[in-house]
Amino acid sequence: MSERKPTRREMLQYGGAVAAGMGLAGCSDLAGQSGPGTPTGSGSYTVEMFPVGEVEFDGVPESVTTYNKGWADMVASLGQASKLRTDRLSAPTLFYDRFDIDYEYDYPPLWQDGGWSKETFYERDVDAFLIDPNLLTNWDDNWDESDTEDIATKVGSFFGCHNRRVRGQWQQELGYPENAPSMLEAFDKVGTVLDERARTDAWLDLHEELQSTVQSRLPDGDDTPSIGLINGGSSPGQGEFYVLYLEDNGYEMKPYRDLGLVDDDAFAGVETGQYGLTDYETMLEVDPDIILVHWGITTGSVTSGGDGAFDAEQFRAEYVEPMENDEVGSELTAVQEGRVLPGPTAEQGPLINAFQTELTARLFFPEEFGEVDLDAPLDAPESEQLFDRQRVADIVNGDI
């Protein structure tokens with residue numbers, strides 16, 4: 001890894017995060033300083049990632065916070081959930097009950113009343129913010145680079161990339177489509193920051209084994225159903241559907257890419273309105289074999305206390321029944337064949353992604369991987385599991 005110093009242009013472009021890497025993370029010229037990306041438990045070290053550049057840490061962070069749940073899942077997957085200081089809206093819980101992953105998430109949210117709360121950043125009082133500093137300045141017109149630098153100087157350094165969804169205009173302008181790390185690449189960096197090399201490598205091995213298992217069993221031929229992916233914010237009762245595209249960059253589409261489903265996107269090339277808005281008439285014109293609701297498996301999880309419990313009745317009431325009761329919607333093939341299904345959540349680190357890869361395989365290839373029971377869709381029967389749950393528990397617990 002290079003030892004270059006960031007330019008002034010990079011400091012401005014990256015919202016002050018590179019400046020944080022230069023010395024605003026509480027760093028000093030300590031005796032026994034280690035090299036880049038090599039934590040030793042004492043002394044400083046640097047880790048590099050787009051877009052923040054090289055960030056220097058004066059020791060392994062004892063506390064961190066995130067905005068995206070996928071990044072929090074990276075931390076929890078490494079057995080470090082106790083280091084998280086976050087809020088309910090940013091705290092992943094899906095599948096955690098299987099591994100006794102428990103942590104506090106009672107902090108006020110960082111995003112409040114249409115903007116970032118600087119006071120809340122201070123309240124978190126963490127060693128590192130696993131948050132993209134460009135997200136702060138590009139989502140809130142009242143936040144500028146000086147705010148970011150102030151937080152980095154007085155609280156903790158920024159080390160993150162908004163790589164869940166890579167399609168915003170500001171991301172295009174700053175080169176995210178070409179440079180943003182994948183979920184696993186970002187996870188690899190987080191593992192280095194938290195000095196969890198063994199757990200990180202174990203997860204990467206598990207992911208490779210899972211992908212190999214799935215790929216070896218994917219059916220041959222062109223029998224994959226066409227997919228109409230709609231966002232969970234869609235309102236079938238109002239005739240409003242927000243289309244998403246499987247080809248989009250970012251880790252939210254990772255399960256579809258890994259299962260080779262991108263070419264089956266029924267809405268590829270179809271013109272829609274702002275944010276993908278479309279109506280029943282266009283839905284019927286496209287008429288996908290499956291209508292998949294992005295974030296669908298989280299339906300009911302908020303009202304049940306955020307424990308990840310899927311509510312099949314609520315899903316039907318919110319998404320399925322309005323289509324069945326609409327004159328045009330009832331003509332949709334997916335509605336007539338009972339194939340309006342809850343899709344994966346967009347937020348996923350290694351642990352959540354492993355379950356979602358398995359779930360997505362079962363949704364689209366039930367004859368090969370097993371049917372999904374919508375009354376209990378978040379896990380597979382033991383006979384249909386594609387990865388070893390005990391191995392996951394061992395990694396999280398450090399029994400590697």
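The values are calculated or read from the model by the stated rules, or taken from the named source; none is laboratory data. Predicted model, so just to flag it, every value in this text is computed and none were measured. Glycine also receives a Cβ, built like all others from the backbone with ideal geometry; neighbour counts cover every protein chain displayed. Ligands, DNA and RNA are excluded from the accessible area calculation, which covers all protein heavy atoms including side chains. Shrake-Rupley method; radii C 1.70, N 1.55, O 1.52, S 1.80 Å.
Ignoring ligands, DNA and RNA, what accessible area per residue does the chain give at 1.4 Å, in Å²?
43
Can you tell me the orientation of helix 183-193 relative to the chain, as the angle in degrees between its alpha-carbon axis and the longest Cα principal axis, to the nearest 10?
Helix 183-193 sits at roughly 30 degrees to that axis.
Which order do D326, D263 take when ranked by solvent-accessible area (1.4 Å probe, heavy atoms of all protein chains), largest first?
D263, D326
Would you mind checking the tilt of helix 145-154 against the longest principal axis of the Cα atoms of the chain, expressed as 0 to 90 degrees and rounded to 10?
With both axes taken from Cα atoms, the answer is about 60 degrees.
Collect residues whose amide H, placed 1.01 Å from N in the peptide plane, falls under 5 Å from the amide H of L229; neighbours closer than 5 in sequence don't count.
For L229, the qualifying residues are L244, A266, F267, L292.
For segment 234-250, just list the computed ³J(HN,Hα) in residue order, Karplus coefficients 6.51, -1.76 and 1.60, θ = phi - 60°, integers in Hz, with x standing in for Gly and Pro.
With the stated coefficients, segment 234-250 comes to 5, 10, x, x, 9, x, 10, 10, 9, 6, 10, 10, 5, 7, 4, 6, x Hz.
Against the longest alpha carbon principal axis of the chain, how many degrees, from 0 to 90 and to the nearest 10, is the axis of helix 197-217 turned?
Relative to the chain, helix 197-217 is tipped by roughly 20 degrees.
More than 17 Å apart: what percent of Cα pairs in segment 102-186 qualify?
Tail of the P(r) past 17 Å holds 53 percent of the pairs.
How many nm is it between the label spots at D113 and D205, if each spot is 7 Å from the Cα in line with the beta carbon?
Going from the D113 label point to the D205 one covers 5.2 nm.
Given contacts defined as C-alpha pairs under 8 Å and at least six residues apart, what's the relative contact order of the chain, whole-number percent?
17
Can you list the residues, at least 5 places off or on another chain, whose amide H is less than 5 Å from the amide H of E240, using H built in the peptide plane?
S235
Once amide H atoms are built 1.01 Å from N in the peptide plane, which residues 5 or more positions from G250, or in another chain, come under 5 Å H to H?
Those qualifying (amide H under 5 Å, at least 5 residues apart or on another chain) are V166.
I need the phi-derived Karplus couplings for segment 368-375: 6.51 cos²θ - 1.76 cosθ + 1.60, θ = phi - 60°, integer Hz, Gly and Pro marked x.
The phi angles translate into 8, 10, x, 5, 9, 8, 5, 7 Hz.
Can you tell me which lysines have their Cα less than 25 Å from the Cα of K154? Leave out same-chain residues fewer than eight positions away.
K5, K69, K83, K118, K189
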